[in-house]
Ligand code: NDP
Ligand code: ZN
């Protein structure tokens, strides 16, 4: 009996170590989920699809908390189906590779952002814009995985990820890993419109909303030699904006600071997640300038605009970026030492709940990152 118990224990340990569940090679995962739009996080166990020929299994090291996670957990954009395991700013160690994998080997570091699959043959996929895939983009969490029996995807607030290697980003081992995850979303989402608009040295530009995304945008724009004005609603971030290289900080709640700004900037990137008047920023643009909106407030707070008032200013929105561009921004960030300023928290439901409250209340500088290595498994 004793020997039987011992054998059983060893077998269980092996299964836990490899994360492979008995059923169809599915991968056991442990994480945190919300079960309703006003509920807090709770531990949650689930399984992921098996590691296919072109898949890699990643042991999650860190995952950033993006404001989109909060919008989605709270059903800000649509009525969500619960439970939700959020997280799309993921970095981890490759612990298993499928037989056809060529870009990764066990022990490598990989990142995963907002997408885990796409059709790969539509016009946009062929143009490295998989985020606009017409036939089947799969988001990292709370999406139907068309390529795996429509199972619901689960994100990075968890111990592991299984992803096709084509949707994983290569990360050098010596990068500061607790800062790398947010490059997969906050980094690419700000970088992509900056590239699309061809910002160059000397351009006078603005960043509205100086949070997780905004502070990445400022760093990229400064590194390109642009002259950056930051717009936010608080005094608390003035010194940080200037420290990160902005030329000017405008607290938009102070009317006197808004004087003389109209017709001055060529480009403004709005990352604002709440209700605001976009016309204020249109007016600050020069003729021919562009307001690029990446902030995605709740539907009830959606910014409204009278298009006849644009007067030859351009308005665009942008969704993350393609995989090739995400690899480019990660490479650029590592080469230039551009990283988010992070606050690392333990993998703990109440710590994640508090982080969510802090982000909404503007109390984090600048990105919370969950350390998934600290997750308490049943064995501990
Ligand atoms: P954060 O909460 O980290 O940052 C938002 C910042 O905006 C904060 O500094 C906040 O100030 C500031 N802010 C709030 N209201 C105003 C206002 N009226 N005027 C100026 N500044 C304001 O959020 P994230 O950076 O993580 O995300 C920002 C938005 O981008 C979210 O809506 C998110 O969903 C969206 N997003 C979109 C993506 C895309 O692909 N398009 C991808 C990723 C995110 P304070 O801190 O003082 O409250
Ligand atoms: Zn995000």
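The values are calculated or read from the model by the stated rules, or taken from the named source; none is laboratory data. Note that the structure is predicted; figures quoted are calculated from it, not measured. FYI the Cβ positions are ideal-geometry reconstructions off the backbone, even for glycines, and counts take in every protein chain you see.
What to note about this one:
- Residue in segment 115-128 that is under 30 Å from residue 228 (Cβ atoms), within 16 Å of ligand 2 (Cβ to nearest atom) and within 21 Å of the chain's Cα centre (by Cα) present: yes
Here is a yes/no grid of residues against (1) under 30 Å from residue 48 (Cα atoms); (2) touching a residue at least 12 places away in the same chain (Cβ under 8 Å); (3) near ligand 1 (Cβ under 10 Å from one of its atoms):
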position	(1), (2), (3)
175	yes, yes, no
221	no, yes, no
235	no, yes, yes
250	no, yes, yes
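- Selection within segment 181-222 - within 16 Å of ligand 2 (Cβ to nearest atom), outside any helix (DSSP H, G or I) and within 22 Å of residue 128 (Cα to Cα): 185
- Near pairs, Cβ below 7 angstrom, 6+ apart or cross-chain, from segment 65-90 (over 17 Å from residue 113 (Cα atoms) and at pLDDT 95 or above) to any residue that is assigned to a helix (DSSP H, G or I) and near ligand 2 (Cβ under 10 Å from one of its atoms): 77/71; 80/72
- Total residues in segment 261-299, condition in contact (Cβ under 8 Å) with a residue 60 or more places away in the chain, within 13 Å of ligand 1 (Cβ to nearest atom) and more than 13 Å from residue 209 (Cα to Cα): 3
- Residue in segment 64-82 that is closer than 28 Å to residue 171 by Cα, away from ligand 2 (no atom under 16 Å from the Cβ) and not in a loop (DSSP other than H, G, I, E, B) present: no
- Taking the listed residues 97, 106, 101, the one that is farther than 25 Å from residue 343 by Cα and free of Cβ contacts under 8 Å to residues at least 24 places away in the same chain is 106, with no other qualifying.
- Verdict on residue 112 being crowded, with 17+ Cβ neighbours inside 10 Å, more than 16 Å from ligand 1 (Cβ to nearest atom) and in contact (Cβ under 8 Å) with a residue 60 or more places away in the chain: no
- Those strands (runs of 3 or more DSSP E) lying entirely in segment 254-339 with at least 2 residues surrounded by fewer than 17 Cβ atoms within 10 Å (Cβ to Cβ) and in contact with a strand residue (DSSP E or B) (Cβ under 6 Å, 6 or more places away or on another chain): 314-317
- Considered as a group, the residues in segment 83-93 that are surrounded by 24 or more Cβ atoms within 10 Å (Cβ to Cβ) and outside any loop (DSSP other than H, G, I, E, B) include one that is nearest to the chain's Cα centre (by Cα), and that residue is 90.
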